[in-house]
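The values are calculated or read from the model by the stated rules, or taken from the named source; none is laboratory data. Worth saying up front: this structure is predicted, and the values here are computed from it rather than measured. Backbone-built Cβ (ideal geometry, glycine too); neighbour counts: all protein chains shown.
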Amino acid sequence: MADRQVGFGRRGEDDAAGGSKLPDGTARLDDESMARLLPERPKRGHKGTFGKLLVIAGSLDYAGAALLVCRAAGRAGAGLVTLAVPESLQPLFAAKVVEATTMALPEDDVEEVDPEPALAKVLDHEHDALVVGPGLRPGLATADLLRLILTVPEEPAGAPAVLDAEALRTLAAVDEWWTLVTRPCVLTPHAGEFARLRTGSEHDPGADGDLNEDDGARVRSAAAAAAEWRQVVVLKGANTVIAAPDGSVSVAPFENPAMASGGTGDVLAGTIGALLAQGLAPYDAARLGVYLHGLAGDAVRDRIGDAGLLASDLTEALPLGRRRLARLAERQRSGRRLGFGAREADAPGVPGAPAGTGDE
């Protein structure tokens, strides 16, 4: 019990990456480093201060994906969240998203967006970051819209985007897509999506090794992909790997079978998107988003066990993990030590200090 961080699972040096050997230079995420990444929350801030996130997600069959992204983004601190859906679906989604607003994308058929008018509406909407892909309906119109959003020539340094699900499948079908994308992105594939992307990049996914069980192989392949694609890659799964184009690689210390549940990836996409909207750089947003997501999962597992977790449970636990890191960040800034013990000003020998004064 002395080694456990109460309420947030069983993590530690021996737990990270299953205790396996990782390539040199791989960083292990922990509370201390992640607390330093938390975006500030000015006391006089307002909803515009904390970022505007535009979510392009959801379809009739996968409405839940969009709803989870939006709720996670709000729970991760985004000030304003807008969900963009085909105009025929807007009434359905508007009735479901309580805190988010909705935006109707022009259609040329029921549930089929008209790509160019839809792009114009997206670009006209003020936003600091995007989440693109979760639950989108596959099809040529969707693929055209995604391509236009990612390759807008007028925005060489456009708002950063989280790409998941259908957005990743679209990229996998485009030759050398990374030479066309004009905005910084965070790609969040699971092992299967990652293999498709590698195949589309003319790599043999079998040469990457076992991307489910071998953490060393996961680190090496994610790092190689991030360097080639010139984007941040989040290879999801137990001990999620976060790789940056400059060669920086981190591994999250979470192995939680309760997280093997539909929709948990949508929660991660919304969490990272919210952090991008709050001003974090893509690699920092990805690392902190993965860590908060893992903290939330461990908190739920501690309460209910290793099965039965619903993705919506994670959204409720996200602020609790953030609060933990925020308290640690405050201590880091003030120079206070963690745990119990004498404050520096109250240490023995300081005149007027009550004997045995504790830190908390």
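List, please: which pairs have Cβ atoms under 6 Å, are six or more places apart or on different chains, and start with a residue in region 216-236 that is part of a loop (DSSP other than H, G, I, E, B) and end with one that is surrounded by fewer than 22 Cβ atoms within 10 Å (Cβ to Cβ)?
So the pair list comes out as R230/W178; R230/P245; K236/H190.
Testing F194 on (1) closer than 18 Å to P86 by Cα; (2) within 19 Å of the chain's Cα centre (by Cα); (3) in a helix (DSSP H, G or I), one condition comes back false. Which one is that?
Unmet for F194, out of (1) closer than 18 Å to P86 by Cα; (2) within 19 Å of the chain's Cα centre (by Cα); (3) in a helix (DSSP H, G or I): (1).
Just give me the residues in region 62-78 being out of contact with any Pro (no Cβ under 6 Å at 6 or more places or on another chain) and buried (at least 24 other Cβ atoms within 10 Å of the Cβ), in sequence order. Outline the logic, then answer.
Filtering region 62-78 down to residues out of contact with any Pro (no Cβ under 6 Å at 6 or more places or on another chain) leaves 62-64, 66-68, 70-74, 76-78.
Hits for region 62-78 are A66, L67, L68, C70, R71, A72, A73, A76, A78.
Residue under question is L268, and the condition is that it be modelled with pLDDT of 95 or more, crowded, with 16+ Cβ neighbours inside 10 Å, in contact with a His (Cβ under 7 Å, 6 or more places away or on another chain) and at negative phi; does it hold? Don't jump to the end; show me each part of the working.
Working: modelled with pLDDT of 95 or more: yes; crowded, with 16+ Cβ neighbours inside 10 Å: yes; in contact with a His (Cβ under 7 Å, 6 or more places away or on another chain): yes; at negative phi: yes.
So L268 fits the description; yes.
Would you point out the residue of region 127-175, among those that are among the small types (G, A, S) and over 21 Å from Q278 (Cβ atoms), that is nearest to the chain's Cα centre (by Cα)?
It comes out as A165.
When you go through (1) of a type in the set (A, V, I, L, M, F, W, C); (2) closer than 23 Å to T170 by Cα; (3) touching a residue at least 12 places away in the same chain (Cβ under 8 Å) one by one for A120, which number turns out not to apply?
Of everything listed in (1) of a type in the set (A, V, I, L, M, F, W, C); (2) closer than 23 Å to T170 by Cα; (3) touching a residue at least 12 places away in the same chain (Cβ under 8 Å), A120 misses just condition (3).
If we scan region 187-209, do we find a residue that is touching a Gly at 6+ places or on another chain (Cβ under 8 Å) and under 20 Å from A66 (Cα atoms)?
Checked region 187-209: at least one residue is touching a Gly at 6+ places or on another chain (Cβ under 8 Å) and under 20 Å from A66 (Cα atoms).
Considering V85, V110, V98, which residue is among the aliphatic types (A, V, I, L, M) and buried (at least 20 other Cβ atoms within 10 Å of the Cβ)? Break it down stepwise before answering.
Numbers: V110 fails: buried (at least 20 other Cβ atoms within 10 Å of the Cβ); V98 fails: buried (at least 20 other Cβ atoms within 10 Å of the Cβ).
Going through V85, V110, V98 in turn, the sole match is V85.
Every residue in region 166-186 that is in a loop (DSSP other than H, G, I, E, B) and either closer than 28 Å to A63 by Cβ or touching a His at 6+ places or on another chain (Cβ under 7 Å) (or both), please. Explain how you work it out, then say what you get.
Filtering region 166-186 for residues in a loop (DSSP other than H, G, I, E, B) gives 173-176, 180-184.
Within region 166-186, A173, V174, V181, R183 qualify.
Of all residues in region 45-64, how many are closer than 20 Å to I149 by Cα and out of contact with any Phe, Trp or Tyr (no Cβ under 9 Å at 6 or more places or on another chain)?
The initial filter retains those residues of region 45-64 that are closer than 20 Å to I149 by Cα, namely 51-59.
With the extra rule that they be out of contact with any Phe, Trp or Tyr (no Cβ under 9 Å at 6 or more places or on another chain), the set shrinks to 51-57, 59.
Residues that pass the stated criteria total 8.
Please work out which one of (1) at pLDDT below 90; (2) touching a helix residue (DSSP H, G or I) at 6+ places or on another chain (Cβ under 9 Å) is the condition A27 fails and give its number.
Unmet condition: (1).
Only one residue in T151, T142 is of a type in the set (V, I, T) and out of contact with any helix residue (DSSP H, G or I) (no Cβ under 8 Å at 6 or more places or on another chain), so which one is that?
Details: T142 fails: out of contact with any helix residue (DSSP H, G or I) (no Cβ under 8 Å at 6 or more places or on another chain).
Answer to the check: T151.
Out of region 96-136, which residues are of a type in the set (D, E) and on the phi > 0 side of the Ramachandran plot? Steps first, please.
First, pick out the residues of region 96-136 that are of a type in the set (D, E): 99, 107-109, 111-112, 114, 116, 124, 126, 128.
Matches in region 96-136: E111 only.
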